[in-house]
Amino acid sequence: DIQMTQSPSTLSAFVGDRVTITCRASQSINDWLAWYQQKPGKAPKLVVYKASNLESGVPSRFSGSGSGTQFTLTITSLQPEDFATYYCQQYSTYSGTFGQGTKVEI
Amino acid sequence: EVQLVESGGGLVQPGGSLRLSCAASGFTVTSRYMSWVRQVPGKGLEWVSVIYGSGGTFHADSLKGRFTMSRDIYKNTVSLQMNNLRADDTAVYYCARGRAAGRDGIDCWGQGTLVTVSS
C-alpha cells in the first residue's frame, strides 16, 4: 500500500500569514492527489484535485503543487475561516490513502 | 441538488453485523465512483472502500474481507455490509462521491453516520 505522510501535524499561524503544508507519498503517484479541508463536526471539503487544480468555489488564495512523491498545499494570506484540519489523499491506486492530517490553528 | 444521505448506523455488539446505506440524489451512482470513508472521532480519515462507475469494487486490505460495498442502480444507492464488527470499527462512516467515474478526488460527502461497536 502507498503511505502518505503529512507535515507538520500542527501548524500555528496568524491571520494574513502564508502557510505551506507538505504531503509525501511512499512511491510515485504522478499527480493523483487531492487536498481536503475539514472543520470540527463537518464532512471534509475538496480543495484541490489532481495535485494543482482548484475545486470550483475555492478561494484563489489556496494552491497546490507537486508531482511524483512530493506535494504542497499553500494558503496565501490565511483567513479566519481557513483554520481547520487539512488532509491529502492519493488516488493513484484503488485504495485512496489519506495522510494523517495537518491542523492549522490560531 | 447533489446530495448523499447515509443511514443504518447505530450501536452493535462486537461480532455483530450492520448494513449502511447511502441514498444519492442529483446524479446517478453509475456516473461517478462512490466510496466509504470512516473517521474515528477526533482522529484522521481512513479510506474503506470504492465502487467505480464500471462496477468494480475494492476494499481496504486491513478490513480482511469483513466489509462489502455494493450498489443498487435502480434505487440509486450504495451500501456497506459490515460483518464481524470490532471495537476499532467504531467511527463516523461517510458516503462520498468522486469527481468522475474513475480515479479522481471526492467532491461530495454525506453528513456521516456513527457506528459504535460495544457490548
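For the range A:91-105, the criterion of being under 25 Å from residue B:112 (Cα atoms), away from every other protein chain (no Cβ under 14 Å) and in a strand (DSSP E or B) is met by at least one residue.
Looking at residue B:3 and the list (1) in contact with a Phe, Trp or Tyr (Cβ under 7 Å, 6 or more places away or on another chain); (2) under 21 Å from residue A:49 (Cα atoms), which single condition is not satisfied? So residue B:3 meets the others, but not (1).
A quick yes/no check of all residues on (1) away from every other protein chain (no Cβ under 11 Å); (2) surrounded by 14 or more Cβ atoms within 10 Å (Cβ to Cβ); (3) at pLDDT 95 or above; (4) touching a Cys at 6+ places or on another chain (Cβ under 7 Å):
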| residue | (1), (2), (3), (4) |
| --- | --- |
| B:28 | yes, no, yes, no |
| B:46 | no, yes, yes, no |
| B:49 | no, yes, yes, no |
| B:90 | yes, yes, yes, no |
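Against the test of being open to solvent by less than 20 Å² (accessible area, probe 1.4 Å), at negative phi, over 13 Å from the mean Cα position of the chain (by Cα) and of a type outside the set (Gly, Ala, Ser), the options B:4, B:85, B:80 yield a single qualifying residue, B:85.
I'd like the residue in the range A:1-26 that is among the hydroxyl-bearing types (Ser, Thr, Tyr) and within 20 Å of residue A:52 (Cα to Cα) and, out of all such residues, is least open to solvent (accessible area, probe 1.4 Å). Step by step, filter the range A:1-26, then rank; the result is A:22. Only one of the numbered conditions (1) within 14 Å of chain A (Cβ to nearest Cβ); (2) in contact with a Gly (Cβ under 7 Å, 6 or more places away or on another chain); (3) not hydrophobic (A, V, I, L, M, F, W, C) is violated by residue B:61, and that is (2).
The values are calculated or read from the model by the stated rules, or taken from the named source; none is laboratory data. Keep in mind that what you see is a predicted model, and the values were worked out from it rather than measured. Positions of Cβ are generated from backbone atoms using ideal geometry, with glycine treated the same way; all protein chains shown enter the neighbour counts. These accessible areas exclude ligands, DNA and RNA; they are computed on the full protein's heavy atoms, side chains included. Shrake-Rupley method; radii C 1.70, N 1.55, O 1.52, S 1.80 Å.
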